[in-house]
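S.K.: Structure provided below as structure tokens; questions to follow.
The values are calculated or read from the model by the stated rules, or taken from the named source; none is laboratory data. Computed from a predicted model, the values in this text were never measured in an experiment. Cβ placement follows ideal geometry from the backbone for every residue including glycine, while neighbour counts extend to all protein chains displayed.
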Amino acid sequence: MITKREWLILYWCEGDKSRRGRTCKVALTSTDPLLLKLFIYGLHKFYGVNIKDLRCRLTIWENIDEKEAINFWSKELGIPSENFWKSYIRKSSKIRKGKHPYGTCRVIFNPAKVLDQIIRDLEHLKRELTEKLKIEDERKV
């Protein structure tokens with residue numbers, strides 16, 4: 001389906017790699033169910049994360065039914081609805097009206113050791129890509 005290298009590039013570009021004090025989280029936010037499914041797939045396949053250990057938080061507009069949005073994302077991602085935290089509800093905007101009918105979904109996993117391993121894997125990938133760029137640059141000269 002997706003290689004570890006592809007997954008790391010996806011996470012490198014889109015994922016939250018933050019550490020705030022003692023809080024560490026692996027997270028990705030999107031309006032695209034496929035992107036979030038790939039994120040979940042990689043967490044499970046490459047890092048052994050159980051889908052039941054994932055949490056979600058939605059950001060929705062005030063005109064969106066929260067229960068309906070949770071049901072949509074729960075069904076799409078296979079994450080139990082009880083794993084959804086209280087949604088962040090934003091005031092409606094004329095610009096955004098109807099654009100994302102189920103809001104944005106943030107998939108979160110907290111244990112630091114998984115984030116540490118992902119960061120190590122990303123650093124390894126960055127070194128590898130940097131070396132390949134150097135070789136390509138040398139060939140151009």
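S.K.: So which residues in segment 33-52 are among the charged types (D, E, K, R) and loosely packed, with under 14 Cβ neighbours inside 10 Å, if there are any at all?
M.R.: Lys52
S.K.: Still on this model: What pairs come up if the first residue lies in segment 61-77 and is closer than 11 Å to Cys105 by Cα and without any contact (Cβ under 8 Å) to a residue 40 or more places away in the chain, the second is exposed (fewer than 14 other Cβ atoms within 10 Å of the Cβ) and not hydrophobic (A, V, I, L, M, F, W, C), and their beta carbons are under 7 Å apart, counting only those six or more places apart or on different chains?
M.R.: Cβ pairs passing all conditions: Ile70/Ser81; Ser74/Pro80; Ser74/Ser81.
S.K.: If you don't mind, another one. Taking Arg139 as meeting all but one of (1) part of a helix (DSSP H, G or I); (2) of a type outside the set (S, T, N, Q); (3) modelled with pLDDT of 95 or more, write down the number of the exception.
M.R.: Single failed check for Arg139: (3).
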